[in-house]
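To start, the structure under review is shown below, and the notes come after it.
The values are calculated or read from the model by the stated rules, or taken from the named source; none is laboratory data. What you see is a predicted model; the values in this text were computed from it and never measured. Counting neighbours? That spans all protein chains shown, and the Cβs are built from the backbone with ideal geometry, glycine included. Side chains are part of the model used for accessible areas, which takes the heavy atoms of the whole protein and leaves out ligands, DNA and RNA. Shrake-Rupley method; radii C 1.70, N 1.55, O 1.52, S 1.80 Å.
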Amino acid sequence: MSRVRIRLRPATAGRIIFFLILYLIALSFLPGLVPTRHAAAEAAAAVAGPGPPAEAARRPGHVLIVGYRLNGRNLARVLRTNGLPYTVLEVDASIVRRARREGEDIHFGDASRRESLLRCRVGEAAVVVLAISDRAATRAAVTLTRQINPAATIIARTRLVTEVPELRRR
């Protein structure tokens, strides 16, 4: 498998990093705003409706955004504004329905499940951004992403710096 790279202008890369940093800061001070994933969420897949057109994610080298709350939405907006291909994976069916109505390329699923990541073409993603607060799901998603696409760059949100070495070992 060949390595796929996305070329970003320095200003674009700076905006992406800026929003990721804002995301980390906001969640450090407001952890109660981000709900944890629910066991019943997978059962809501039927409610989420048909899948999105996924035009952007059909091109190799896309960005996979896991989590479509405030920071996932902001990152998607920056990528869309700059014409960069991306797709989103979200565990909350109501968020998926709303985003689909707005024309977003979003899939319902849990990032800790291989099938969900494969549906988003994680094997062809250049970058995977884990914008979720669930530590167990983040660890599982990092492990699965590494198994499926060892060349992908993974950006993961953590609450504590002490979590970083464990994620790097996965």
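Using a probe radius of 1.4 angstrom, the carbon and sulfur fraction of the accessible surface of region 76-166 is 52%. For region 63-79, backbone phi angles converted through the Karplus equation (6.51, -1.76, 1.60; θ = phi - 60°) give residue-by-residue couplings of 9, 9, 9, 9, x, 10, 8, 3, 6, x, 5, 5, 5, 4, 4, 5, 5 Hz, Gly and Pro being listed as x. From the square roots a ≥ b ≥ c of the eigenvalues of the alpha-carbon gyration tensor of region 91-137, which class results: rounded (a/c under 1.5), prolate (a/b over b/c), or oblate? Verdict is oblate for region 91-137. Full extension of the chain between Arg101 and Ala151 yields a length gain of 14.7 nm, computed as 0.36 nm times the residue separation minus the alpha carbon distance.
Ordering of 92-102, 127-137 by packing is 127-137, 92-102, highest average first (other Cβ atoms within 10 Å, averaged per residue). Using a 1.4 Å probe on the protein heavy atoms only, what accessible surface does Leu70 show? Give it in Å² to the nearest 10. Rounded to the nearest 10, that gives 90 Å². Dipole magnitude for region 81-138: about 100 debye, using +1 per Lys or Arg Cβ and -1 per Asp or Glu Cβ, origin at the Cα centre.
Fully extending the segment from Thr81 to Ser94, taken as 0.36 nm per residue of separation minus the present Cα-Cα distance, adds 2.2 nm. Solvent exposure of region 112-154, expressed per residue, is 39 Å² of accessible area, with all protein chains present and a 1.4 angstrom probe. The amide H of Ile155, built 1.01 Å from its N in the peptide plane, has Val128, Val129, Leu130 as neighbours under 5 Å, considering only residues 5 or more places off or on other chains.
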